[in-house]
Amino acid sequence: MKKILAFTLFGWFALLVSCDQNPSLQKYFVQNAEKKDFISLDVSPNILNVDKAKLTEEQRSALASFEKINVLAFKRNPENEKQFEAERAQVKAILKDTKYQELIKVGSGKDGASVSYVGVDDHIEEFVIYANRSENGFAIVRVLGKDMNPNAILNMISVLKNANIDLEQLKPLQSMMTP
């Protein structure tokens, strides 16, 4: 009986220690998705409305590796400037974690964008696009997939050129674009 109790206690301890307490974008999305100054939406691959028969094998493969897109945007206004600065600092701190490997960064400190990824070479699980504009707010886009790679992203861009995008799924973001 003592062995069973000891084993159970050890199991619970191991479970508690193994739980990741570090901040992550996924946790940030969950914590803020329903808050008043945030706009959140999930976009499925069917937004593209692509005729798969007209795609190359590389384009079909890229499309198959894409699972969904999560978008979280913070709309800045005169009443939430302090919250904007705090939220922006929190996102930047999360993206400094070594699991987010930065591919490119453009712009200045107050306005700009970056693209990062999670995973390794041909087994990328997530691409993260962070865009910040001091007068409008910021947006984080998580492109989630399975075994994505940089070539797949380039192929996805070529697919997007011929896509008939379902803009209805993007309606919640329109309020972000208007001043």
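The values are calculated or read from the model by the stated rules, or taken from the named source; none is laboratory data. Predicted model, so just to flag it, every value in this text is computed and none were measured. In this analysis, Cβ positions are derived from the backbone assuming ideal geometry, glycine residues included, and neighbour counts consider all displayed protein chains. Heads up: the accessible areas ignore ligands, DNA and RNA and are worked out on the full protein's heavy atoms, side chains in. Shrake-Rupley method; radii C 1.70, N 1.55, O 1.52, S 1.80 Å.
So, E87, is that one surrounded by 15 or more Cβ atoms within 10 Å (Cβ to Cβ) and either hydrophobic (A, V, I, L, M, F, W, C) or under 17 Å from N32 (Cα atoms) (or both) or not? Break it down stepwise before answering.
Numbers: surrounded by 15 or more Cβ atoms within 10 Å (Cβ to Cβ): yes; either hydrophobic (A, V, I, L, M, F, W, C) or under 17 Å from N32 (Cα atoms) (or both): yes.
Yes; evaluated as a whole, the condition is true for this residue.
Quick check on my filter: what residues within the range 50-62 are part of a loop (DSSP other than H, G, I, E, B) and either touching a Ser or Thr at 6+ places or on another chain (Cβ under 9 Å) or among the aliphatic types (A, V, I, L, M) (or both)?
V50, L55, T56, listed by residue number.
I want to confirm something. Restricting to the range 113-125 and keeping residues that are part of a strand (DSSP E or B), open to solvent by 20 Å² or more (accessible area, probe 1.4 Å) and not aliphatic (A, V, I, L, M), which single residue is nearest to F74 (Cα to Cα)?
The extreme case among them is Y117.
Of the residues V141, V120, V115, only one is of a type in the set (A, V, I, L, M), over 19 Å from E81 (Cβ atoms) and at pLDDT 90 or above; which?
Answer to the check: V141.
For the range 63-78, which positions are touching an Asp or Glu at 6+ places or on another chain (Cβ under 9 Å) and in a helix (DSSP H, G or I)? Spell out the reasoning first.
If we filter the range 63-78 for residues that are touching an Asp or Glu at 6+ places or on another chain (Cβ under 9 Å), which is where we start, we get 65, 68-71, 74-77.
Hit for the range 63-78 is S65, nothing else.
Can you tell me which of I129, I47, I104, I39 is assigned to a strand (DSSP E or B) and open to solvent by less than 30 Å² (accessible area, probe 1.4 Å)?
Of the residues listed, the single one that is assigned to a strand (DSSP E or B) and open to solvent by less than 30 Å² (accessible area, probe 1.4 Å) is I39.
Output the number of residues of the range 132-155 satisfying the condition of being in a loop (DSSP other than H, G, I, E, B), of a type in the set (D, E, K, R) and open to solvent by less than 30 Å² (accessible area, probe 1.4 Å). Steps first, answer last, please.
First pass over the range 132-155, keeping only residues in a loop (DSSP other than H, G, I, E, B): 134-136, 149.
Applying the additional criterion that residues be of a type in the set (D, E, K, R) yields 135.
Restricting the remaining residues to those that are open to solvent by less than 30 Å² (accessible area, probe 1.4 Å) gives none.
Residues flagged as in a loop (DSSP other than H, G, I, E, B), of a type in the set (D, E, K, R) and open to solvent by less than 30 Å² (accessible area, probe 1.4 Å) within the range 132-155 amount to 0.
Of the conditions (1) in contact (Cβ under 8 Å) with a residue 24 or more places away in the chain; (2) within 16 Å of L144 (Cβ to Cβ); (3) under 13 Å from the mean Cα position of the chain (by Cα), A73 clears all except one; give me its number.
Failed condition: (2).
Inside the range 53-63, can you point out the residues that are among the charged types (D, E, K, R) and either in contact (Cβ under 8 Å) with a residue 40 or more places away in the chain or exposed (fewer than 11 other Cβ atoms within 10 Å of the Cβ) (or both)?
K54, E57, E58
From the residues in the range 110-140 that are polar (S, T, N, Q) and without any contact (Cβ under 8 Å) to a residue 24 or more places away in the chain, which one is farthest from I39 (Cα to Cα)? It would help to see each step written out before you state the result.
To start, the set of residues in the range 110-140 that are polar (S, T, N, Q) comprises 114, 116, 132, 134, 136.
Among the residues that remain, those that are also without any contact (Cβ under 8 Å) to a residue 24 or more places away in the chain are: 114, 116.
Details: S114: 20, S116: 21 Å.
Only one residue tops the list, namely S116.
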